[in-house]
Each structure stands twice: as C-alpha cells, then as structure tokens.
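Colleague: Have a look at the structure that comes next, please.
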C-alpha cells in the first residue's frame, strides 16, 4: 500500500502533513486543460487520458521513477 503525503511548512516553521487522496485532482488542472479524468503514474507523475495508457506505461517498464527523499535513520519519527 502506498500513501501520498504533502508536507507544508509555513514561514513561522509550523508544519503540517496532508493526505493526498486523489493526486489527479490535486495536480490535474496544472497538467492539462482536458476536462475529463486523467490517470497519473505514481512512480514518475506522467499522466494519461485513458486508464489503458497508464497500464501500458506500467507494464512496459517505461516509468522513470522520481527521487524519494526519506529522513535519516534515527531522525525518522515525528511527535504530535
């Protein structure tokens, strides 16, 4: 299972994590003027207008994975 989170930090150093339930709704209008649904690859953020295009992209191994930045071991816990 994969969970997409958006990390926001304000000018006063207060920060907040937001759960991205649907990434295509978050960034869709910035990627295309197309009115219909788009399908975004979670690995490289390339978008397709049809689900079949996304499935073909994944099955062919065309995905150029984006860099994921994780905290250092020992510094990977947050307190609320």
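Colleague: Please verify whether segment 9-21 includes one or more residues that are on the phi < 0 side of the Ramachandran plot, assigned to a loop (DSSP other than H, G, I, E, B) and surrounded by 10 or more Cβ atoms within 10 Å (Cβ to Cβ). Let's see the steps before the verdict.
Modeller: Applying the first criterion (on the phi < 0 side of the Ramachandran plot) to segment 9-21 yields 9-12, 14-21.
Going one step further and asking which of them are assigned to a loop (DSSP other than H, G, I, E, B), we end up with 10-12, 14, 21.
Narrowing further to those that are surrounded by 10 or more Cβ atoms within 10 Å (Cβ to Cβ): none.
No, segment 9-21 contains no residue that is on the phi < 0 side of the Ramachandran plot, assigned to a loop (DSSP other than H, G, I, E, B) and surrounded by 10 or more Cβ atoms within 10 Å (Cβ to Cβ).
Colleague: Now, a different point. So if I check each of 70, 5, which one is within 19 Å of the chain's Cα centre (by Cα), at pLDDT 80 or above and exposed (fewer than 13 other Cβ atoms within 10 Å of the Cβ)? Show your work before the answer.
Modeller: On the way: 70 fails: at pLDDT 80 or above.
5 is the lone residue from the list that is within 19 Å of the chain's Cα centre (by Cα), at pLDDT 80 or above and exposed (fewer than 13 other Cβ atoms within 10 Å of the Cβ).
Colleague: Please find, within segment 35-45, the residue that is surrounded by the fewest Cβ atoms within 10 Å (Cβ to Cβ) out of those that are within 26 Å of residue 61 (Cα to Cα) and more than 11 Å from the chain's Cα centre (by Cα). I'd like the intermediate steps shown before the answer.
Modeller: Narrowing segment 35-45 to residues within 26 Å of residue 61 (Cα to Cα): 36-45.
Now restrict to residues that are more than 11 Å from the chain's Cα centre (by Cα): 36-39.
Details: 36: 8, 37: 12, 38: 19, 39: 18.
Going through the qualifying residues, I end up with 36.
Colleague: What's the number of the condition residue 63 fails, among (1) touching a strand residue (DSSP E or B) at 6+ places or on another chain (Cβ under 9 Å); (2) at pLDDT below 85; (3) surrounded by 13 or more Cβ atoms within 10 Å (Cβ to Cβ)?
Modeller: Checking residue 63 against (1) touching a strand residue (DSSP E or B) at 6+ places or on another chain (Cβ under 9 Å); (2) at pLDDT below 85; (3) surrounded by 13 or more Cβ atoms within 10 Å (Cβ to Cβ), the one that fails is (1).
Colleague: Additional query: Residue 29 versus (1) loosely packed, with under 10 Cβ neighbours inside 10 Å; (2) at pLDDT below 80; (3) in a helix (DSSP H, G or I): which is the lone unmet condition?
Modeller: Just one mismatch for residue 29, condition (1).
Colleague: Would a scan of segment 47-59 turn up a residue that is assigned to a loop (DSSP other than H, G, I, E, B) and modelled with pLDDT under 85? Let's see the steps before the verdict.
Modeller: Of all residues in segment 47-59, those assigned to a loop (DSSP other than H, G, I, E, B) come to 49-50.
Okay, now just the ones that are also modelled with pLDDT under 85, so none.
No - not one qualifying residue is present in segment 47-59.
The values are calculated or read from the model by the stated rules, or taken from the named source; none is laboratory data. Nothing here was measured: the structure is a model prediction, and the numbers come from that model. Heads up, the Cβs are rebuilt from the backbone with ideal geometry, glycines too, and the neighbour counts pull from every protein chain shown.
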